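Notes follow once the structure below has been shown.
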Amino acid sequence: PEKMRAEMGVIRQRTDRPISMNFFCHEPAEANPVRVAAWKAHVAGYYDELGLDKSAEAPAGNLAPFDETMCEIVEDLKPEVVSFHFGLPAPALLQRVKATGCHVMSSATTVAEARWLEERGCDVIIAQGAEAGGHRGMFLSDDIATQAGTMALVPQVVDAVTVPVIAAGGIGDGRGIAAAFALGAAGAQIGTAYLFTPQSLISDLHRAALHAAVPPGADDQTALTNIFSGKPARGLMNRAMREIGPMSDKTPPFPTAGSALAPLKAKAEAKGAPEFSSLWSGQAAKLGRVMGASDLTRHLAEDAAQCIETLTISE
């Protein structure tokens, strides 16, 4: 909480533009030491390979869901936008958030989730296609096999709800933004393209892996995996995903799966290999380019405007 307040203070000093705060709002999983131990035993061979002590206690997962403390921070700092992942917080907390006057957004990966969000007061819905990097925002279903892509999901969500819809997933240039608008979206949300910017706080190993995925023919370098946290998320393929998963029915509940891999990640990264690291990336990493975040934003806007103008002239 202290870090959140400090960073918001710095941001408020540097801009008078609207600010968004983003939170996970998953249901905390009940402790399951038996399953956690079984998961660690499942990856024990890697401990032997890297010379790690299998009996050492692994760090616990620390991805806390939106709670009373976080709600108080929102009430104090009053960001213009608050967005959630994995649904919405408890009704009482959500009403307190909305009482600050902010706009509430949340991710939907299906039409049913979009309707659920609108019914509970969500002001804007982010339609997250299967191409998107990072954690899937799924909360009404856990079946990744039925997840729709952005092109299929966005128009169906637009037709199903009355609030604005933002398209997300596989968008990395002006063509993707123009396509999102053509499908009825009110905006486009872009993630992976910004990982290439100097402002991105990803590790050097993550950055190198992204650049390695850029050459032609590299659009098949990502997969959905649950081995790093316990929930499906899209990232660049590495040894752990190839050999353990990418999807495993042995992982303990989110976010505790990462605890068993944490020592392996640290040891491998010390040797310069992200073999056990979560390298989040969407399927459009190939469209990434190295430039500052401000320049990238302007470039994307200009590129999209040109694509929309070209489409309009063609019509």
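What the table below lists for this structure:
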{"quantity": "Scan of region 187-226 for residues that are aliphatic (A, V, I, L, M) and open to solvent by less than 30 Å² (accessible area, probe 1.4 Å), ordered by number", "calculated": "A193, A209, L210, A213, A218, A223, L224"}
{"quantity": "Checklist (1) closer than 18 Å to E131 by Cα; (2) out of contact with any Pro (no Cβ under 7 Å at 6 or more places or on another chain); (3) touching a residue at least 40 places away in the same chain (Cβ under 8 Å) applied to D220, failing item", "calculated": "(3)"}
{"quantity": "Test: residue in region 270-284 that is touching a residue at least 40 places away in the same chain (Cβ under 8 Å) and assigned to a helix (DSSP H, G or I)", "calculated": "no"}
{"quantity": "Members of region 227-242 that are under 20 Å from A38 (Cβ atoms), free of Cβ contacts under 8 Å to residues at least 60 places away in the same chain and open to solvent by 10 Å² or more (accessible area, probe 1.4 Å)", "calculated": "F228"}
{"quantity": "Count of residues meeting criterion [within 25 Å of D76 (Cα to Cα), open to solvent by 60 Å² or more (accessible area, probe 1.4 Å) and out of contact with any strand residue (DSSP E or B) (no Cβ under 7 Å at 6 or more places or on another chain)] in region 7-39", "calculated": "10"}
{"quantity": "Number of the condition not met by T109 [criteria: (1) open to solvent by 80 Å² or more (accessible area, probe 1.4 Å); (2) within 17 Å of the chain's Cα centre (by Cα)]", "calculated": "(1)"}
{"quantity": "Qualifying position, being in contact with a strand residue (DSSP E or B) (Cβ under 6 Å, 6 or more places away or on another chain), open to solvent by less than 70 Å² (accessible area, probe 1.4 Å) and aliphatic (A, V, I, L, M), among L287, L261, L300, L279", "calculated": "L279"}
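Yes/no per residue for (1) under 22 Å from the mean Cα position of the chain (by Cα); (2) free of Cβ contacts under 8 Å to residues at least 40 places away in the same chain; (3) open to solvent by 60 Å² or more (accessible area, probe 1.4 Å); (4) more than 24 Å from P164 (Cα to Cα):
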position: V43; (1), (2), (3), (4): no, no, no, yes
position: L52; (1), (2), (3), (4): no, no, no, yes
position: H85; (1), (2), (3), (4): yes, no, no, no
position: L88; (1), (2), (3), (4): yes, no, no, no
position: L93; (1), (2), (3), (4): no, yes, no, no
position: R115; (1), (2), (3), (4): yes, no, yes, no
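The values are calculated or read from the model by the stated rules, or taken from the named source; none is laboratory data. Quick caveat: nothing in here was measured; it's all calculated off a predicted structure. Neighbour counts run over all protein chains shown; Cβ positions are idealised from the backbone, glycine included. We work out accessible area using only protein heavy atoms, side chains counted, and drop any ligands, DNA or RNA first. Shrake-Rupley method; radii C 1.70, N 1.55, O 1.52, S 1.80 Å.
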